[in-house]
1. Just need the relative contact order of segment B:151-275 here, percent rounded to a whole number, with Cα pairs under 8 Å and 6+ apart.
2. Going through the cross-link list A:LYS174/A:LYS328; A:LYS191/B:LYS300; A:LYS255/A:LYS278; A:LYS264/B:LYS240, which pairs have a Cα-Cα distance over 25 Å in this structure?
3. Quick one: what are the phi-derived ³J(HN,Hα) couplings along segment B:8-13, Karplus 6.51/-1.76/1.60 with θ = phi - 60°, whole Hz, x for glycine and proline?
4. Going Cα to Cα from A:LYS175, which aspartates and glutamates come in below 12 Å? Please leave out same-chain ones fewer than 8 positions away.
5. Please turn the phi angles of segment B:36-49 into ³J(HN,Hα) values with the Karplus equation 6.51 cos²θ - 1.76 cosθ + 1.60 (θ = phi - 60°), one per residue in order, whole Hz, x for glycine and proline.
6. Which cross-chain or sequence-distant (5 or more) residues have an amide H under 5 Å from the amide H of A:GLY192, H modelled 1.01 Å from N in plane?
7. Taking each pair of distinct Cα atoms in segment A:129-290 once, what is the resulting Kirkwood hydrodynamic radius in Å?
8. Going Cα to Cα from A:LYS83, which aspartates and glutamates come in below 15 Å? Please leave out same-chain ones fewer than 8 positions away.
Number of protein chains: 2
Amino acid sequence: MTQVILAIDCMGGDYGPPVTIPAVKKALKAHPDVSFRLFGDESKILKSLQHHRVELGQRIRVHASQDDVEMTDSPALALKNKKTSSMRLALESVRDGRANACVSAGNTGALMAISRFVLKMLPGIDRPAIISAIPTLKNGHVHLLDLGANVECDERRLTQFAVMGNELAKCLDKKESPAVALLNVGEEENKGSETLRKAHAMIGNINSIDFRGFVEGNQIFSGDYQVVVTDGFTGNNVLKASEGLSKYLAIKIKKAFERNWWTKLCGLLATPVISAFKSEINPEKYNGACLIGLKGIVIKSHGSANADATFCAIEEAIIQSHQKLPQKIRNELELVSLNLRNDD
Amino acid sequence: MTQVILAIDCMGGDYGPPVTIPAVKKALKAHPDVSFRLFGDESKILKSLQHHRVELGQRIRVHASQDDVEMTDSPALALKNKKTSSMRLALESVRDGRANACVSAGNTGALMAISRFVLKMLPGIDRPAIISAIPTLKNGHVHLLDLGANVECDERRLTQFAVMGNELAKCLDKKESPAVALLNVGEEENKGSETLRKAHAMIGNINSIDFRGFVEGNQIFSGDYQVVVTDGFTGNNVLKASEGLSKYLAIKIKKAFERNWWTKLCGLLATPVISAFKSEINPEKYNGACLIGLKGIVIKSHGSANADATFCAIEEAIIQSHQKLPQKIRNELELVSLNLRNDD
C-alpha cells in the first residue's frame, strides 16, 4: 500500500481540536501508513496534542491558520474573506498534492464553495454532490445522493449522480456491480416528473451501471440497492426526516421504560440489549459524507461528531485515497462518454 | 348534532368486506348519529354483515356495484371504464347529497381521478392534495401535505396547500391558529428554490395563517408545527422513507432481543413496555389520509388497513362531515382572495 497523507481541518464542527486530535491519535495507531497534516489554531492544536500525548514528527505536522470559517458564514463570504482559514489551507494542500484527502466538520455550504473553487470539478460534472451511507435491513448500508448540494436537478445531473454513486459504492464496498436505483413516487416507468423519466432512460443506457429503475422511499432501507439517486432537496429532507424520526422513537421508547417501577426494572435488565441495538444503528458509524465530483477527495464530518465518529470519517478518507476515487470517476465518465455537462 | 351519512367503498384495499364490515359495526355502536351506505359486491357484503350480526335497516343500506377498481388499474382507465364500480358509486352518492363523505381503501390514483371528475374541485384549487397526520414528540401529531398527488408544485399550489392544511388542522384539532411551516433545506429565507422563496412570501402574506416560515425535515416530528407543507414528490418520499425506517428499527430491536436466552428473557419481561410503546406509535391510529380541495369529503384508508384502522378513517370522515370542511376551505379561499388558480 502506498503512503497516505490526510489534511485535517481541526477547527470545523462544534468542538474543534478536543475532538479532532483524539480521532487523529486513534487513526495514527490503526493506520501506520497514514500521515496527518493538521490545519488550524496552532496553540490550540499543540495544547491538545500535548494533552493527548501525541508527538509531532514525520507523521504529524501542524500548519497554522489565520482565521476560521464560522458555521454562520455564507458560502460566498467564506470563499471571499477566509483565504487563510484552516478549511481553505487544508483544501489547498490537497490541490497542491501535499495531501491525498481533506477531512472537515466545518460549514457545509462553505466547504462546498471553497472545494469547488480550490479543487475544481471533474470534467463533465457541474457541481459537487453530497453522498452518505445509511444503514439498511440487509447488506449493511446504502449510499444516498444528493443530500442537499443540488436542490434542483435535471436528468443529466441525476445521471451524473448515478455514475458517481456507482463508482463510490464499487470503491468503498468492494462490490463489482452495485444495484443502483432512482427515487420516485412509484415503481412504474410512467411515474413521476418528465425529468425523472428522462433520467431513467439515460441511466438505463449506461452499460456499466446495474440500474434497477425507480424505487419508492420505503425501499431505501431495504438493502436491495447499494446506491439510491435523488435530487438534493428530496435527499436532504428524507435524511433529516429520518434523523428526526429516529430521535422521536428513541425518546418514546425511553419514556415507555420510565413509566413505573416495573417498567424501570425491565429497562434496567434490558440495558445491554438496548445498548447493542443502539450500537448497531449507531449514527457515528455512518459519519463521513463525501463531496463527490471534485478533482480531490473531501470528506465532510458531521458538525456534532465526537472522536469516534471523526475517526470513521478519517477512515473513509483513507479508503478513498487508496482507491483514488476521483480518478476512477473521471475514467468512468470518459467511458460513459455521454454529454453530461450542463450548459449553465 | 346533525345526522351524518357515510358512503363506504367496501371493496377497496387488500381485504374488502371482512375488514370494512367490522369497522362499520364498531362505528355504528360508537356513533349513534351516523348511518352507512355500503357500496360493493352485494352478496359478499350481505354475507359479511350476517357473519358479524349486523342487521340492515334505516342506518345501514347496501348498494350493489357491478365491477371493482383494481389496484393495478391506471387512473385514466378506472375513470373511463369503471362507471359502476363501488368507488364511483360511493363518490356519486356524495355528489348527489345522499351521503356526507366517502371512505375508500382503493387505488389512490383512481380515487384521485374519479373524485376530481365526480365531485369537482373547489374554486381556486387545481387538483386534490393528499394530507395525513403523523405522530410527533409533543402536541400529538402534525398534518403533512402533499403526500404524492402533485409531484410538481409551483408557489401558488404550495400556497393552496397551506390554506387547506390550516383549515383542516383547525377543524380536526380544534386549534384556533395552527402553526404552519414550509419544508425546505434550511431555515433561512434565502434557502431553496425560487419557487419555495415565492411560496414563502405568498403564504406569509395571508393574515389568517400563523406562518412560521421554512423548516427542515427533522423538525416535522418535533410537534412545534401543526401543518407542514411540501410538494407531493418530497412529501411522498419523506412519508415512505419514515415507514421504511420504522420497519427497519422494529426488526432490529426484535433481533436484539432474540440474541440469546438472557436477551430473550429480557424481551419477555419487557413485553408490556414494548407493547405500550408500539401502541403509542401505532400507525393504525394515523390511518385516514384525506383528499383535500374537492367539493366533497373523501377519506383514503390505507390499502392494508385492518378493522381498527378502518374505524379511524371512518371517524375522520365523521368529524369532517360535522365540521363541513370543504365549505370552510371554500370560505377561507374567498377571504384570502389571492389569485391562486393556475392557468394550466
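Bear in mind that the values in this text are calculations on the coordinates, not laboratory data. From a predicted model like this one, the values you see are computed outputs, not experimental measurements. Methodologically, a virtual Cβ is constructed for each residue, glycine included, from the backbone with ideal geometry; neighbour enumeration extends over all protein chains shown.
1. 28
2. A:LYS264/B:LYS240
3. Couplings: 9, 7, 6, 9, x, x Hz.
4. Reachable aspartates and glutamates: A:GLU167, A:ASP210.
5. Whole-Hz 3J(HN,Hα) from phi for segment B:36-49: 10, 10, 9, 10, x, 5, 4, 5, 5, 5, 4, 4, 5, 4.
6. A:VAL185
7. Result for segment A:129-290 stands at 17.0 Å.
8. Of all the aspartates and glutamates, those that pass the test against A:LYS83 - Cα under 15 Å, at least 8 places apart if same chain - are A:ASP9, A:ASP41, A:ASP67, A:ASP68, A:GLU70, A:ASP73, A:GLU92.
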